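Below is one structure; the comments refer to it alone.
No value in this document is a laboratory result; all are computed from the given coordinates. Note that the structure is a prediction, hence the values are computed from the model and not measured. Because the Cβ atoms are built from the backbone with ideal geometry, glycine has one as well, and the counts that use them run over all protein chains shown.
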Amino acid sequence: MNKQEYFASPIYSENKVEWLDNLDNLSDPYIEQARDDQAETNKKRKTLGYKNDIGMTYHSLPLEPDPNFKFFHDYVAKKSRWVLDDMGYDMENYSLIYTESWVQEFSHNGAGHHWFHTHGNNHISGFYFLKCSERTSKPFFQDPRTAHVPLKLKEKDGTKISNANDLVNYSVLPGTLMLFPAYMSHAYMVDHGIEPFRFIHVNLRAIEKNILSSFTINSSNF
């Protein structure tokens, strides 16, 4: 029988290693500030330095207002627009705005992780990996077909990509840029703290151009 695939959920990726050193260096003060802010809320951890930060993840302040990151945000926004167009959406009457952009790093002592979640009221989510290896955490994606969950059968071979998968994970390299529909629930497996794990996370929303023209929004639009 002929097989045709419908209702696919794509994940786009490319290597942008030429950004790596610059973006990693620019991210350093943001991560240091995030670590200091977290330590300030926990006097015991502040006294101990970062020796007792097992399980922590450090989220920075927003990156989008920083002009040093403009080249990154401009490129990702234009590529996100291309992704939505490639998926079949008519983007002629829509512009994209950033709703979130931050850098985060997992604890150097291990157990940093994120459970499955989505970012509401967005259309594109993405990651840019600054520090990672085969021994660090990995991004996971969950099957978005809600009707598949109660009807799930046992997989014949869970090591292979098939229509029966509940989850997929990616082995990523420093410099990897990933973009995907924001409805896809994503997570990060527990990191063991063997090597540093740091990435930038972005979320973008499509808004009708006539709405944007009626309001002043303190954000670049694409």
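Brief remarks on what is shown
- When you restrict to C-alpha pairs under 8 Å that are six or more residues apart and normalise by the size of segment 99-222, the relative contact order lands at 50 percent.
- Placing +1 on the Cβ of every Lys and Arg and -1 on the Cβ of every Asp and Glu, with no other charges, gives the chain a dipole of roughly 620 debye about its Cα centre.
- Per-pair calculated FRET efficiency, R0 = 35 Å: Glu32 and Lys152 via Cβ, rounded to 0.05: 0.20
- Stretch gain in nm, segment Tyr89-Met1, where the contour uses 0.36 nm per residue and the Cα spacing is subtracted: 28.7 nm
- On full extension, the segment bounded by Asn15 and Glu208 gains 66.4 nm, given 0.36 nm per residue less the C-alpha separation.
- Taking the convex hull of the alpha carbon positions in segment 88-222 and averaging its projected area over all directions gives 10.4 nm².
- Under the criterion of Cα pairs below 8 Å and six or more residues apart, the relative contact order for segment 134-200 equals 58 percent.
- Out of every Cα-Cα pair that segment 99-163 contains, those further apart than 13 angstrom amount to 78 percent.
- As a proxy for reagent exposure, His114, His148 were ordered by neighbouring Cβ count within 10 angstrom, fewest first; the result is His148, His114.
- Across the cross-link table entries Lys131/Lys154; Lys79/Lys152; Lys70/Lys131; Lys131/Lys160; Lys3/Lys131, which are compared at the Cα atoms, the separations over 30 Å belong to Lys131/Lys154; Lys79/Lys152; Lys3/Lys131.
- Selected from Ser101, Ser162, Ser171 as most flexible by GNM, with the chain as the system and alpha-carbon contacts under 10 Å: Ser162
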